[in-house]
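Below: the structure, in structure tokens.
The values are calculated or read from the model by the stated rules, or taken from the named source; none is laboratory data. Since this is a predicted model, take the numbers as computed values, not measurements. Cβ placement follows ideal geometry from the backbone for every residue including glycine, while neighbour counts extend to all protein chains displayed. The accessibility values were calculated without ligands, DNA or RNA, using every heavy atom of the protein model including side chains. Shrake-Rupley method; radii C 1.70, N 1.55, O 1.52, S 1.80 Å.
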Amino acid sequence: MTDTYDLFLKAKEFIQISYHELGKEEEIEERLLSIKQEIEESGQYVHTGIELEYGAKLAWRNSNRCIGRLFWQSLHVMDERGAETEEEVAEALIRHIEYASNGGKIRPSITIFKSKDKEKHRIRIWNHQLLRYAGYKFDEGYRGDPASIEFTEVCRELGWEGPYTDYDMLPLVVSAGENRPKWFPIPEDRIIEVPIVHPEIPAFQDLFLKWYGVPIISDMSLEIGGIVYGAAPFNGWYMGTEIGARNLADEERYNMLPKVASIMGLKTDLNSSLWKDRALVELNAAVLYSFKEAGVSIVDHHTAAAQFKRFEEREESSGRDVTGDWAWLIPPISPAATHIFHKNYNNEIKTPNYFYQKKPY
Ligand code: HEM
Ligand SMILES: N/C(=N/c1cccc(CO[C@@H]2CCNC2)c1)c1cccs1
């Protein structure tokens, strides 16, 4: 099957589903005719603003690993397909950070840059997330977020230099076409960070823990009706366990459980004392408490699971089968305390969707 015919089939499937759900069935035939013509002439086709917005929402609804899908219809879509230079892209990314942060009342948003098909000036965002801390490996140990070591090296090769704290906010790194990537610092007044303290354990503040408020995934591609958008950063709000049970807890991340246990006065010589579990629960309680104190949106894993249950029910009543990836949907602490643990999910991949793509470095 030639790839232009294959593209038309993917476009047809997307137009039929989206125009049906949008109550525009009577426009399908004409739209498909114009798409068929456009593909014959140029080998690709351009989405209307409505198609782009609904496609991004459908991609969220189809994200099998996402527990937050109840709110898929409320995604804010920013169309930045006109951005050409690295500077224009960086400015749009800083607008995204500001709009999504919204002073702490986080707005789930996506900014979509032009599709890969315009090969000549392909836009790539080199960051995994727009906001993320640098990581460094020294002979005597690590500094910052070990998950960022490789990307931090790339930033330093481009001329960026951090102050070598545990929380250096990395720069935005953007490339257009075959140009060498350019880096741009994020204005500090656009960045929300939350100090992590505990409601009942004052000694938590002696750990000087903090985390950034808004997770903005910037390295996945968005595929809609056969068109691939290689730069389409999207954000929601955090589920507390992501910070408290993984980012600050994993041994190959900030590895804070021994220190948390120590300030809690727990003995760490016996696994069977469940000191790690006690440390995890209090670290996660601290994350949720601190975000709420700071007025920054966050959801606990029990509430998130209950919301996902409502998503399942609403999808079923809309006559759609819910697809999901069980291993990712269950939270990393108290998984069996959620309904998700006790049921199976069909992990069929539907499109539109978000996909991993080859790293630019
Ligand atoms: C609104 C609040 C949201 C919450 C609380 C939420 C929660 C989560 C969590 C906890 C994960 C698993 C992450 C991990 O284990 O590393 C996840 C995965 C994912 N979410 Fe959501 N999400 C939200 C919004 C969104 C939005 C707005 C999008 C896209 C438009 C999205 C797309 C995805 C995708 C594609 C994955 C899988 C990522 C991968 O495969 O690495 N989510 N979500
Ligand atoms: N809360 C979130 N959590 C994540 C959602 C998607 C991906 C990730 C991070 O994924 C990394 C790659 C595999 N695990 C860590 C985190 C959101 C980020 C953007 C929108 S919602």
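Mind listing the phi-derived Karplus ³J(HN,Hα) values for region 143-154, rounded to whole Hz, using 6.51, -1.76 and 1.60 with θ = phi - 60°, and x for any glycine or proline?
Rounded to whole hertz, the list is 9, x, 9, x, 5, 9, 4, 5, 5, 4, 4, 4.
For region 19-167, what number results from the quotient of the Cα radius of gyration and 2.2 N^0.38 Å?
Working: Rg = 19.9 Å, N = 149, 2.2 N^0.38 = 14.7 Å.
Scaled against compact globular proteins, the figure is 1.35.
Give the shape of region 247-322 as rounded, prolate or oblate, defined through the alpha-carbon gyration tensor: a ≥ b ≥ c are the square roots of its eigenvalues, a/c under 1.5 means rounded, and otherwise the shape is prolate if a/b is larger than b/c and oblate if not.
On the way: a/c = 3.21, a/b = 2.13, b/c = 1.51.
Prolate is the answer for region 247-322, as a/c is 1.5 or above and a/b outweighs b/c.
Find the all-direction average of the projected area of the Cα convex hull for region 183-290, expressing the result in square nanometres with one decimal place. If you can, show how the numbers build up before the last one.
Values: hull surface 38.6 nm².
The directionally averaged projection comes out at 9.6 nm².
If each Cα of region 136-175 is one equal point scatterer, what is log10 of I(q)/I(0) from the Debye formula at q = 0.17, 0.20, 0.26, 0.35 Å⁻¹?
-0.41, -0.57, -0.94, -1.44
Rolling a 1.4 angstrom probe over the protein chains, ignoring ligands and nucleic acids, what is the accessible area of residue 76 in square angstrom, nearest 10?
My reading of the accessible area for residue 76 is about 70 Å².
Using just the alpha carbons, could you tell me how many Å³ per residue the convex hull of region 13-99 encloses?
Numbers: hull volume 11.7 nm³, N = 87.
Convex hull of Cα atoms, per residue: 134 Å³.
Shape of region 170-244 from its Cα gyration tensor (a ≥ b ≥ c, root eigenvalues): rounded if a/c is under 1.5, otherwise prolate when a/b > b/c, or oblate? Write out the running numbers ahead of the final one.
Working: a/c = 3.97, a/b = 1.92, b/c = 2.06.
Oblate is the answer for region 170-244, as a/c is 1.5 or above yet b/c matches or exceeds a/b.
How would you order 87-94, 292-299 from highest to lowest mean count of nearby Cβ atoms within 10 Å? Walk me through the numbers before you get to the answer.
Values: 87-94: 19.0, 292-299: 17.4.
Highest mean packing first, the order is 87-94, 292-299.
Got the relative contact order for region 139-209 handy, in percent, Cα pairs under 8 Å and 6 or more residues apart? Please report the intermediate quantities before stating the final value.
Details: 52 pairs, mean separation 14.3, N = 71.
20 percent.
Could you provide, to the nearest whole Å², the per residue accessible area of region 221-319 with probe 1.4 Å? Could the numbers behind the result be given before it?
Numbers: 4380 Å² over 99 residues.
Counting only protein heavy atoms, the per-residue value for region 221-319 is 44 Å².
Using modelled backbone amide H atoms (1.01 Å from N, in-plane), which distant-in-sequence or interchain residues come within less than 5 Å of residue 122's amide H?
Residues meeting the criterion, in which the H sits 1.01 Å from N, are 177.
Answer rounded, prolate or oblate for region 92-231, using the Cα gyration tensor with square roots of eigenvalues a ≥ b ≥ c: rounded when a/c is under 1.5, else prolate when a/b is larger than b/c, else oblate. Provide the component values of the computation, followed by the final result.
Numbers: a/c = 2.47, a/b = 1.47, b/c = 1.68.
Judged from the Cα gyration tensor, region 92-231 comes out oblate (a/c at least 1.5, b/c at or above a/b).
For residue 267, give me every one of the lysines with a C-alpha distance below 28 angstrom, ignoring sequence neighbours fewer than eight places off in its own chain.
Reachable lysines: 210, 259, 276.
Give me the Debye-computed log₁₀ of I(q)/I(0) at q = 0.19 Å⁻¹ for region 202-361, equal point scatterers on Cα only, no solvent, two decimals.
The calculated log intensity ratios at q = 0.19 Å⁻¹ are -1.31.
Given a 1.4 angstrom probe, I'd like the percentage of the accessible area of the chain that is carbon and sulfur, rounded to a whole number.
Working: 9040 of 17510 Å².
Summing carbon and sulfur atoms, their accessible area is 52 percent of the total for the chain.
Would you report the distance distribution of C-alpha pairs in region 101-140 as whole percents per 5 angstrom bin, up to the bin with the largest distance?
Taking all Cα pairs of region 101-140, the binned fractions are 5, 13, 15, 17, 15, 13, 10, 7, 4, 0 percent.
Per residue and in Å³, how big is the convex hull formed by the alpha-carbon atoms of the chain?
Details: hull volume 56.8 nm³, N = 361.
Per residue, the Cα convex hull of the chain comes to 157 Å³.
Using Cα centres only, tell me the gap between region 53-117 and region 322-355 in whole Å.
Their Cα centres are 23 Å away from one another.
What figure in square angstrom, to the nearest 10, would you give for the accessible area of residue 167 with a 1.4 Å probe?
The accessible area of residue 167 comes to roughly 40 Å².
Cβ neighbours within 10 Å, averaged per peptide: list 15-26, 231-242 in order, most packed at the top.
Details: 15-26: 14.3, 231-242: 24.8.
Taking the mean over residues of other Cβ atoms within 10 Å, the ranking is 231-242, 15-26.
For the chain, what's the relative contact order in percent, using C-alpha pairs closer than 8 Å and at least 6 residues apart? List each step's numbers first, then the result.
Details: 643 pairs, mean separation 73.7, N = 361.
Averaging sequence separation for qualifying contacts and normalising by length gives 20 percent for the chain.
Using the alpha carbons of region 281-361, what is the convex hull volume per residue in cubic angstrom, as a whole number? Could the numbers behind the result be given before it?
Numbers: hull volume 13.5 nm³, N = 81.
Convex hull of Cα atoms, per residue: 167 Å³.
Go through 146-154, 332-340 and give me the packing order, highest mean Cβ count within 10 Å leading.
On the way: 146-154: 18.2, 332-340: 16.0.
So the order, starting with the most tightly packed, is 146-154, 332-340.
Could you name the lysines in cross-link range of residue 10, using Cα to Cα under 21 Å and dropping any fewer than eight places away on the same chain?
Counting by Cα, and skipping residues close in sequence, residue 10 has these lysines nearby: 24, 36, 57, 114, 116, 118, 350.
With contacts defined as alpha carbon pairs under 8 Å and 6 or more residues apart, what's the relative contact order of region 12-98 in percent? Intermediate results must be reported in sequence, preceding the final value.
Working: 34 pairs, mean separation 16.4, N = 87.
Once divided by the residue count of region 12-98, the mean separation gives 19 percent.
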